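The values are calculated or read from the model by the stated rules, or taken from the named source; none is laboratory data. Predicted, not measured: the structure shown is a model, and the values here were computed from it. With ideal geometry, Cβ positions are generated from the backbone for all residues, glycine too; neighbour counts draw on all protein chains shown.
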Amino acid sequence: MFDVPHLAWFIVAGVLLNLTPGPDVLYIVTQALRRGTQCGAMAALGVTAGCFVHVGAAALGLGALLATSAMAFTLLKWLGAAYLVWMGLRGLLAPAPTQNTMLREQAPATDPKPDLKSAFLGGFLTNVLNPKVALFFLAFVPQFIPSDAPHKALAFVLLGLLFNLNSVVINLGYALLAAALARRSSALQRGMHWMQRSAGVMFIGFGIRLAMSDNPAH
């Protein structure tokens, strides 16, 4: 179904694209910095789950609907933009940490109960509410499917799964790196509040950019 050179180029291109920072990566890094490795990892898994939804939807033809229907694209676009802006406002309005808070965060937790469900759901919604991700899969993946492939839908799903497997490794790497940096020094701990605010500004920027974007198919 696939030849080796096409598959190799697909993997290389997918890795490079996954390394490119965007709303998903920003969300993962923010969760890891603020709430630790587990929440960062769950955010990464949530983003990957959202990608699986886009792959399945594209294989079923729902992605094509977004590409051709201005109403469907606009609806999902505004939902995604509103969610990103809401995430940004949460970051901007978060209270500054006190000295006691920083000492408590640096001390070993006696009853660690990170909100893993919230971190996963946030990553999932950040990805699945972005129609540009659906259109990306429709534009990117078919380029690597041979024109004479007997089962193009199956080929699309297999390549989408491969892309997502690569992405989850990279996203988990972002989470682990961010969490490790957050534990390295007290100076970084003190600066995390401003990093959170900066992330809030970026989320709002991503939301505004998404809201102002047009459907590439029109």
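Computed values, structure above
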read-out: Those helices (runs of 4 or more DSSP H) lying entirely in the range 92-185 with at least 3 residues buried (at least 19 other Cβ atoms within 10 Å of the Cβ) and at pLDDT 85 or above; value: 116-128, 152-182
read-out: Criterion violated by Ala64 - all others in (1) at pLDDT below 80; (2) among the aliphatic types (A, V, I, L, M); (3) under 21 Å from Ala182 (Cβ atoms) satisfied; value: (3)
read-out: Selected residue [hydrophobic (A, V, I, L, M, F, W, C), more than 20 Å from Asn127 (Cα to Cα) and touching a helix residue (DSSP H, G or I) at 6+ places or on another chain (Cβ under 8 Å)] from Leu33, Leu7; value: Leu7
read-out: Pick from the range 186-201, criterion modelled with pLDDT under 75 and either of a type in the set (A, V, I, L, M) or within 12 Å of Ala32 (Cα to Cα) (or both), ranking: nearest to the chain's Cα centre (by Cα); value: Ala199
read-out: Of all residues making up the range 20-39, the number that are within 11 Å of the chain's Cα centre (by Cα) and either farther than 24 Å from Arg209 by Cα or not in a loop (DSSP other than H, G, I, E, B) (or both); value: 7
read-out: Yes/no for Leu75 being closer than 21 Å to Phe10 by Cα, in a helix (DSSP H, G or I) and either among the hydrophobic types (A, V, I, L, M, F, W, C) or modelled with pLDDT of 80 or more (or both); value: no
